[in-house]
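To start, the structure under review is shown below, and the notes come after it.
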Amino acid sequence: MNYQETVEYLFNSTPVFEHVGAVAYKEGLANTYKLDRHFGSPHKQYKTIHIAGTNGKGSCSHTIAAILQAAGYKVGLYTSPHLVDFRERIRVNGECVSEQYVVDFVAQERGFFEEFHPSFFELTTAMAFKYFAEQHVDVAVIEVGLGGRLDCTNVITPVLSVITNIGLDHTQFLGNTLEKIAAEKAGIIKEHVPVVIGENCTETVGVFQAKAQEKHAEIYFAEDTPAIQRIEIREDGTKVYHTGEYGTLVGELKGDYQDKNTNTILQAISLLTDFKITMENVQEGFAHVVELTGIKGRWQVMNKYPFVVCDTGHNADAWKCLSKQIARQPYECKRVVFGMVDDKDIDTVMSMLPADVCYYFTQASTKRAIPVEKVAAIGKKYGLQGKEFRTVERAFCAAYDASGHDDFIFVGGSSYVVADLLSCHNIPISL
């Protein structure tokens with residue numbers, strides 16, 4: 001099989017949560033341990049940093065990786081989902097795993113794993129851990145896929161654990177209260193391994209404290225020791241963070257939600273005492289995280305006239321920030337290309353969307369996409385006016401064609417909407 005055939009094989013032969021949702025979720029770590037034993041526990045050959053959370057774990061993972069790269073370390077980065085190419089999930093110093101490696105891994109190992117039918121994510125995680133060992137990375141930043149306690153990344157023993165925040169997402173797997181979800185994510189806390197909690201609330205503090213005490217792990221609540229003294233926003237939307245220990249940080253990621261992520265990251269960096277990290281390394285990591293790691297879809301500016309932004313924020317907690325950031329954009333005419341998938345609280349999200357915007361309702365190409373007719377109907381319930389489009393490409397082109405030089409277009413609601421946009425080849429701007 002060539003690379004494209006191999007990726008199609010992975011998608012079609014293993015349960016993929018991104019494609020089919022709940023039926024792909026496998027509770028328990030039996031398959032993970034079987035894969036781990038088969039490959040000789042490769043994750044024990046390098047240091048790891050483990051990052052969980054409802055929102056922000058991708059931004060935190062990429063930025064911490066960028067800072068470590070700036071400090072001269074060879075850094076593995078494992079994240080999900082990908083937006084355009086499967087290989088985005090597995091990177092070393094920002095470079096994606098090669099197509100040939102993916103082809104060879106499947107060709108050589110399918111005789112072993114086909115017998116017990118691991119999930120797509122279980123298999124991908126095993127591939128990543130093996131690849132990082134073969135690349136002789138100094139450290140790998142590992143993002144949890146879903147939850148924590150039963151996530152297949154949870155076989156590692158990191159030098160630091162980070163839990164960015166807790167929100168009501170994936171409740172069908174993790175529980176329908178903040179306490180229950182916190183308990184699942186607290187499952188990544190390991191014996192004697194320090195843990196950073198980025199954001200907390202009354203319902204979750206006790207959960208984290210109890211688990212940390214049980215595991216004899218030092219726990220640090222980032223909000224208790226804010227590292228940011230002042231924030232300014234430049235005309236182009238760039239965030240500038242004035243800190244004490246790390247000086248002035250110019251953040252390449254421009255979403256409002258990055259303010260809290262930044263505080264979490266700085267708390268985490270302060271605890272990485274096994275690494276030599278200077279103030280200049282931190283500044284470089286924040287200023288060049290896109291170039292260093294390849295991160296996409298975080299308030300990503302794709303065009304200036306009209307001003308086009310896409311963002312992968314996909315749940316109610318993310319939209320608390322996104323809706324306000326869209327609303328305050330200084331443009332007379334604003335257009336939003338919007339769609340969501342079926343396991344999200346679309347009613348809560350759409351109740352927060354600004355009403356003085358022209359909407360282009362759509363659906364991503366995943367089977368989990370909420371039909372555009374339903375999205376539009378829910379929007380109408382909340383006073384949101386717009387048109388319906390069967391594909392993201394058609395919705396975006398319609399928004400773009402209707403826009404003037406000084407208008408604003410936002411594309412999002414789901415990672416899959418952004419993925420479809422970034423995969424388009426026939427739109428009037430260069431991505």
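The values are calculated or read from the model by the stated rules, or taken from the named source; none is laboratory data. From a predicted model like this one, the values you see are computed outputs, not experimental measurements. Here the Cβ is made from the backbone with ideal geometry for all residues, glycine too, and neighbour counts use every protein chain on show. Areas reflect the complete protein model, heavy atoms only, side chains present, ligands, DNA and RNA absent. Shrake-Rupley method; radii C 1.70, N 1.55, O 1.52, S 1.80 Å.
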Under a 1.4 Å probe, counting only protein heavy atoms, residue 292 has an accessible area in Å², nearest 10, of 40
Percent relative contact order for segment 1-151, counting Cα pairs under 8 Å at least six residues apart, stands at 40
Taking r as the C-beta separation of residue 223 and residue 290 and R0 as 35 Å, the FRET efficiency to the nearest 0.05 is 0.85
Given pairs 211/276; 254/387; 254/304 and cut-off 22 Å on Cα-Cα distance, the over-length ones are 211/276; 254/387
For segment 3-288, the percent of accessible surface on carbon and sulfur atoms (probe 1.4 angstrom, ligands and nucleic acids excluded) is 47
With R₀ set to 25 angstrom, the calculated FRET efficiency between the beta-carbons of residue 107 and residue 37, to the nearest 0.05, is 0.75
Averaged per residue, the 1.4 Å probe accessible area of segment 3-288, protein heavy atoms only, in Å², is roughly 40
Here segment 185-197 yields Karplus 3J(HN,Hα) values (6.51, -1.76, 1.60; θ = phi - 60°; whole Hz; Gly and Pro given as x) of 6, 5, x, 7, 5, 10, 4, 6, 9, x, 10, 9, 9
Most packed first (mean Cβ within 10 Å per residue), the peptides 305-315, 226-236 order as 305-315, 226-236
Sorted on mean Cβ neighbours within 10 Å (highest first), peptides 373-380, 61-68 come out as 61-68, 373-380
Taking r as the C-beta separation of residue 2 and residue 374 and R0 as 35 Å, the FRET efficiency to the nearest 0.05 is 0.40
Mean accessible area per residue over segment 300-423 (1.4 angstrom probe, all protein chains present, square angstrom) is 41
Pseudo-spin-label distance residue 402 to residue 259, built 7 Å along Cα→Cβ, given in nm, is 3.1
Only helices counted: for the chain, with every DSSP H run of 4 or more residues adding -39500 (n - 2.57) and the sum spread over all residues, [θ] at 222 nm is -11500 deg cm²/dmol
Of 127-133, 48-54, 90-96, ordering from highest average Cβ density within 10 Å down gives 48-54, 127-133, 90-96
With 0.36 nm assigned to each residue of separation and the Cα-Cα distance removed, residue 367 to residue 234 gains 43.9 nm
Ignoring ligands and nucleic acids, residue 420 exposes an accessible area, probe 1.4 Å, in Å² to the nearest 10, of 40
Per the rule of 0.36 nm per residue minus the C-alpha distance, extending residue 305 to residue 98 adds in nm 71.0 nm
Scalar couplings 3J(HN,Hα) for segment 381-386 by Karplus 6.51 cos²θ - 1.76 cosθ + 1.60 (θ = phi - 60°), nearest whole Hz, x for Gly and Pro, are 4, 9, x, 9, 9, x
Here the relative contact order (percent) of the chain, from C-alpha pairs under 8 Å and at least 6 apart, is 16
